[in-house]
Amino acid sequence: MIFKEIIDRGHEQVSYFHDPTLGLKGIVAIHNTVLGPALGGCRMWNYKSEKDALIDVLRLSKGMTYKAAIAGLNLGGGKAVIIGDPKVDKSEELFRSFGRFIEGLGGRYITAEDVGTSIKDMDHVRMETKYVTGISKSLGGSGDPSLLTSFGTYLGIKASVKFKYKKDSLDGLSIVVQGLGSVGMELVKYLSQDGMKIFAYDIDADRLNLAKKEYGVIPIGENEVYDQDVDIYAPCALGATINDETIPKLKCNIIAGAANNVLKNPDKHAKELLHRGILYAPDYAINAGGLINVYNELDDYNRERAFSQAEAIYDILMDIFYKSDKENIPTTIASDRKAEERINKIASLKSFYLPNRRKAVLKDR
Ligand code: NAD
């Protein structure tokens with residue numbers, strides 16, 4: 001049964017780990033390492049079953065392969081899950097034990113924080129292995145990745161506007177930002193500086209008031225998010241917001257935001273957006289700034305270099321849009337194909353032996 005799941009999704013390796021003393025149980029999935037070591041966060045979740053944990057780690061690790069490939073990074077795709085309740089089961093020894101397991105993989109997988117894990121947990125992992133990112137600044141980490149995610153999302157919105165409206169400026173255009181958390185609030189800052197008319201909604205009234213006060217956003221209600229008459233909808237809160245119920249309501253011409261898994265049913269809903277002439281910036285391409293940030297941690301983190309690398313998101317999205325337009329395929333498929341093309345081309349590069357090749361990705365930390 002497990003091999004079928006692995007083969008169907010094209011994974012290289014799936015490792016189960018168990019520490020009997022701590023009751024630690026987890027899975028690391030390495031999807032593809034053609035471009036480099038598999039990097040992806042460690043999710044801690046009270047999964048209902050081991051099968052649910054396996055499917056989640058397989059799905060998420062495959063997504064990381066595409067995200068790294070489209071962003072032009074020398075990284076493969078991987079992910080880890082720890083089965084447990086993050087509110088009660090966390091401890092220093094648990095994450096150190098996890099770190100020892102990661103060390104045992106010899107650098108084929110590099111972990112990071114994710115849902116249910118924190119910088120502090122990654123600091124504990126760091127005590128046992130160097131194959132971890134998203135650690136504290138004092139230990140050589142890069143700090144909050146959401147600043148780079150916001151910057152990349154802002155550039156992705158600019159690229160979308162350039163493609164759809166042939167305009168270089170956002171001035172005078174309107175947007176709905178859904179979610180004013182770490183990414184959404186910073187994004188609103190960029191957009192307000194560019195003269196956009198910004199409508200926003202957050203379930204947290206304090207965040208909404210803060211955005212109104214600081215950046216002049218116009219608060220709207222939960223039910224006004226999808227049918228607002230605006231140019232752009234920027235999902236920055238949760239996934240699956242584009243679905244059978246919301247698509248008929250949309251009046252926007254562009255969907256471009258930082259949230260993961262925006263399309264509830266990617267195949268179906270991407271086609272519907274194409275059919276309706278709504279330009280969709282694929283989530284894993286527009287929100288790659290956070291991954292670019294941790295990638296830079298692998299080689300003496302430098303914030304300026306990370307920001308300058310994230311500027312590529314503009315051109316990456318333009319290329320995806322042109323391909324989608326030329327081949328009349330959804331932007332999601334254009335993006336997947338571009339990522340696969342890069343992996344295949346780089347794989348063919350490695351067809352001959354090169355002596356003394358410098359380690360291009362991971363410096364000895
Ligand atoms: P966050 O938790 O800091 O903020 C989320 C915000 O959304 C909160 O203010 C919350 O109150 C609000 N919210 C929750 N439910 C809502 C709803 N139904 N309607 C409106 N607002 C709602 O998260 P974040 O780090 O800002 O990330 C935002 C999204 O971007 C998430 O989907 C995340 O997976 C994705 N993302 C984030 C990063 C990153 O670097 N932080 C990277 C890639 C993708």
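What follows draws every value from the coordinates through simple rules; no lab data is involved. What you see is a predicted model, and the numbers here were worked out from it, not measured in a lab. Cβ placement follows ideal geometry from the backbone for every residue including glycine, while neighbour counts extend to all protein chains displayed.
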The chain: angle of helix 146-165 to the longest principal axis, Cα-based, in degrees nearest 10: 40 degrees
Most fluctuating residue given options 199, 95, 352, as computed from a GNM of the chain linking Cα atoms under 10 Å: 352
Local electrostatic count, residue 253, Cβ distance below 15 Å [Lys/Arg +1, Asp/Glu -1]: +4
Percentage relative contact order, the chain, counting C-alpha pairs under 8 Å, at least six apart: 15 percent
For region 84-110 versus region 324-344, the gap between their alpha-carbon centres in whole angstrom: 35 Å
Exposure proxy order (Cβ contacts within 10 Å, fewest to most) of 31, 11, 275: 275, 11, 31
DSSP-defined antiparallel bridges as percent of all bridges, the chain, nearest 5: 35 percent
Computed over region 146-342, Kirkwood Rh from alpha-carbon pairs, angstrom: 16.7 Å
Region 1-151, dipole about Cα centre (Lys/Arg Cβ +1, Asp/Glu Cβ -1), debye to the nearest 20: 260 debye
Nearby lysines by direct alpha-carbon distance to residue 323 (threshold 16 angstrom, same-chain neighbours under 8 apart not counted): 162, 164, 271, 338
14 Å beta-carbon shell around residue 97, net charge (K/R +1, D/E -1): -2
Pairwise centroid distance, computed over Cα atoms, of region 223-247 with region 132-159, Å: 25 Å
log₁₀ of I(q)/I(0) at q = 0.06, 0.08, 0.11, 0.13 Å⁻¹ - the chain, Debye sum with one point per alpha carbon: -0.22, -0.40, -0.77, -1.07
Computed label-point distance, nm, for sites residue 311 and residue 85 using a 7 Å Cα→Cβ extension: 4.9 nm
Prolate/oblate/rounded call for region 272-314, Cα gyration tensor, a/c under 1.5 rounded: prolate
Extended-chain gain in nm, criterion 0.36 nm per residue less alpha-carbon gap, residue 303 and residue 214: 29.5 nm
Separation of alpha-carbon centers, region 10-69 and region 254-301, rounded to whole Å: 21 Å
Within the chain: Cβ-based charge dipole about Cα centre, in debye rounded to nearest 20 (Lys, Arg +1; Asp, Glu -1): 1000 debye
Around residue 232: net Lys/Arg minus Asp/Glu count, Cβ-Cβ under 13 Å: +3
CD proxy at 222 nm, helix term only [per DSSP H run n ≥ 4: -39500 (n - 2.57); per residue of the chain; nearest 500]: -13500 deg cm²/dmol
